[in-house]
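Colleague: What follows is a structure written as structure tokens; I'll ask about it next.
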There are 2 protein chains.
Amino acid sequence: MNNLDGISERTIERLALYRRLLSGLLEKGLEHIYSHQLAEFLGNTPAQVRRDIMSIGHVARSKKGYDIPELLTHIDSILSSGGDHRIALIGIGNLGRAILSYFNQQHSALRIVAAFDNDETRVNRVISGCRCYPMDELKEKVEGEEITLGIITVPGPSAQIVADALAAAGITGILNFAPVPLKTPEDVYVERIDITTAIEKVAFFAGKWRQKGT
Amino acid sequence: MNNLDGISERTIERLALYRRLLSGLLEKGLEHIYSHQLAEFLGNTPAQVRRDIMSIGHVARSKKGYDIPELLTHIDSILSSGGDHRIALIGIGNLGRAILSYFNQQHSALRIVAAFDNDETRVNRVISGCRCYPMDELKEKVEGEEITLGIITVPGPSAQIVADALAAAGITGILNFAPVPLKTPEDVYVERIDITTAIEKVAFFAGKWRQKGT
DNA sequence: ATTGTTTAGTGAAAGTTTTCACAGTGTTAA
DNA sequence: TTAACACTGTGAAAACTTTCACTAAACAAT
């Protein structure tokens, strides 16, 4: 289910990291890089780097390692192959605003083009270059602006309602920050980021680790 | 490496979800729950629920399913077994503030007790019940306040410096929101949340999914 | 009591991801 | 030209995670 073209979910995540890294290296004028250098930067192993790069069908036999511009172009073409996307963000609270400013500074292929909230005091203005609308205009704007992805930053109890609205508006992917799992139609891809769970996980493993050795 | 007491990393994440869910159900006065109901709430399978619960050594043969208070207590004791933690947050930007307000409303066992930033205008005040200090007081406060975990919400270029400072101050776990992998000593557990990567991943899979069928 | 039904617990299978280890090859140096 | 080296590509093994499928037990109904 999550394996298109033989590229696994995990590999896609790392490809996004490779892309960021390579693009930085390119700006510094570097031309070539070895798998073990990439691994060093990313904190994984050379074998994994090579397998990831292999999985997108990249071939570059050279003693100098990978050609950075070439590899970057290739990774970019894979990651972009899902098409262009315009994004809606729902929930203009602290987290929502943080993501707006954090995300809309960079990036051209992916942009948050509209934000929504139920609270009227948060609406009808522009935050980080993004217009804010009341929730009941969601469907209209999603269709009008050709929005295909949604980011949910509303409190837990409202998240499912928002997800339903997004799905009804025809969105195909959701990034959910609310601390609840969403029920969505099969054809909507959902990714969750659960900050509380992440901290609890760190607390558990950090504690355990300290108790033992390693 | 990430498998203490036979409990896998993934299971720990789900246990945190079970705990939240069960605690909500308990407040509603529910007493028992079946594995298939838990699975329904969490969007996974009954078999996985049972395996997770089994892995913490919980036994409760009853035709009525799991006893909620009992199971909750047990999960809680596992998740708390990493010990209590006081948390420092570094980087009082939009994201940092969002996490402060988001996190410090609830939760007692884990609390963000100090925030730090290089920017003097963000410092020496209280945000969401959390005192803000300049960076150069980090070590002193970490030791004085018995802080054991750190949350990094600074921009990418500063993240490694902050991580080094945290490690030097004796912290054992880090949650890193900066879009760069960190190099840390072996005895520091690091978890990363990469918002940009998450969005790129959704864009990829949502696009692919739409192109094909399911 | 007996029987039927439904559920938890769990060994084993299946699926996924990472790592190992080595063959083949471009590159450099002699 | 040849030899030594270091790196990629990759089959196969290992490690990890999820799912299947069955056993035994609790409970309800008779």
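The values are calculated or read from the model by the stated rules, or taken from the named source; none is laboratory data. Note that the structure is a prediction, hence the values are computed from the model and not measured. Here the Cβ positions follow ideal geometry from the backbone for every residue, glycine too, while neighbour counts run over all protein chains shown.
Colleague: Being over 21 Å from the mean Cα position of the chain (by Cα) and under 22 Å from B:Phe103 (Cβ atoms) narrows it down to one residue among A:Ala168, A:Ala159, A:Ala206, A:Ala178; which is it?
Modeller: A:Ala206
Colleague: Give the residues of the stretch A:50-80 that are assigned to a loop (DSSP other than H, G, I, E, B), more than 9 Å from DNA strand C (Cβ to nearest atom) and either at pLDDT 95 or above or in contact with a His (Cβ under 7 Å, 6 or more places away or on another chain) (or both), sorted by residue number.
Modeller: Keep residues of the stretch A:50-80 that are assigned to a loop (DSSP other than H, G, I, E, B), which gives A:56-65.
So of that shortlist, the ones also more than 9 Å from DNA strand C (Cβ to nearest atom) come out as A:56-60, A:65.
Matches in the stretch A:50-80: A:Ile56, A:His58, A:Gly65.
Colleague: Of the conditions (1) crowded, with 18+ Cβ neighbours inside 10 Å; (2) under 18 Å from A:Lys201 (Cα atoms), B:Glu186 clears all except one; give me its number.
Modeller: It is condition (1) that B:Glu186 fails.
Colleague: Those residues that are among the basic types (Lys, Arg) and closer than 19 Å to B:Glu200 by Cα, I need them from the stretch A:103-142; list them, please.
Modeller: Step one: of the stretch A:103-142, the residues among the basic types (Lys, Arg) are A:111, A:122, A:125, A:131, A:139, A:141.
Once the filter is applied, which keeps residues that are among the basic types (Lys, Arg) and closer than 19 Å to B:Glu200 by Cα, the stretch A:103-142 yields only A:Arg111.
Colleague: Based on what the data block shows, is A:Arg14 away from DNA strand D (no atom under 15 Å from the Cβ), of a type outside the set (A, V, I, L, M, F, W, C) and at pLDDT 95 or above?
Modeller: no
Colleague: Do you know which residues across the stretch B:79-90 are farther than 18 Å from B:Glu145 by Cα, more than 8 Å from every other protein chain (Cβ to nearest Cβ) and either in contact with a Lys or Arg (Cβ under 9 Å, 6 or more places away or on another chain) or basic (Lys, Arg) (or both)?
Modeller: Within the stretch B:79-90, none qualify.
Colleague: Of these, B:Ala88, B:Ala98, B:Ala114, which one is at pLDDT 95 or above and part of a helix (DSSP H, G or I)?
Modeller: B:Ala98
Colleague: Moving on. In the stretch B:29-62, how many are away from chain A (no Cβ under 13 Å) and away from DNA strand D (no atom under 13 Å from the Cβ)?
Modeller: The number of residues fulfilling the criteria is 6.
Colleague: Out of the residues in the stretch B:189-206 that are among the β-branched types (Val, Ile, Thr) and under 12 Å from B:Ile152 (Cβ atoms), which is nearest to the other protein chains (Cβ to nearest Cβ)?
Modeller: Ranking the qualifying residues of the stretch B:189-206, first place goes to B:Ile193.
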